[in-house]
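Accompanying notes for the structure given below.
The values are calculated or read from the model by the stated rules, or taken from the named source; none is laboratory data. For clarity, every value in this text was computed on a predicted model and none was experimentally measured. Counting neighbours? That spans all protein chains shown, and the Cβs are built from the backbone with ideal geometry, glycine included. Only protein heavy atoms, including side chains, enter the accessible area calculation; ligands, DNA and RNA are left aside. Shrake-Rupley method; radii C 1.70, N 1.55, O 1.52, S 1.80 Å.
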Amino acid sequence: LALCPPLISAKSTEKVESPMLNRISQWATSVIEHSVFQAIIMGFIILVCFFLVIDHYNAPKLQTEIAGYVEIVSLVVFSTEMILMMASLGLYTYFTSLFTFLDFFVVVSSFVELILASGGGLQVLKIVRLSRMVRTAK
């Protein structure tokens, strides 16, 4: 990441004195720091990793259907978390942190997989989603 040009200019680190933005940022921070929210996110990470690990060729139809639903619901949950993190940290901080940038990359690649695969699944992009397990070590 150090070799890449910054995604957002340094000017964006200046505080904006908007009461509405400050309230949104404070609310987003309180949500993402709440222990219940963190437990939900960790639970979804474990659930998604479980389904990725047990995925195999000719998997039973029920397993494939459940995995598809889990994938869609988890994508909504992780997208919500991503938006809340952006609101809480600000875009500059969000995109300059390795862990949050990794989350962004995983969420975007999951959307790409969902759109391009039309339910078939691109196996290479599934490996990218396993990188979310890095967060459990964090």
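Points worth noting:
- Residues in segment 38-53 that are without any contact (Cβ under 8 Å) to a residue 12 or more places away in the chain and open to solvent by less than 90 Å² (accessible area, probe 1.4 Å) were compared, and the one that is nearest to S88 (Cα to Cα) is A39.
- Scanning segment 79-93 turns up one or more residues that are surrounded by 19 or more Cβ atoms within 10 Å (Cβ to Cβ) and under 8 Å from the mean Cα position of the chain (by Cα).
- Y57 fulfils the conditions (1) assigned to a helix (DSSP H, G or I); (2) open to solvent by 80 Å² or more (accessible area, probe 1.4 Å) except for a single criterion, (1).
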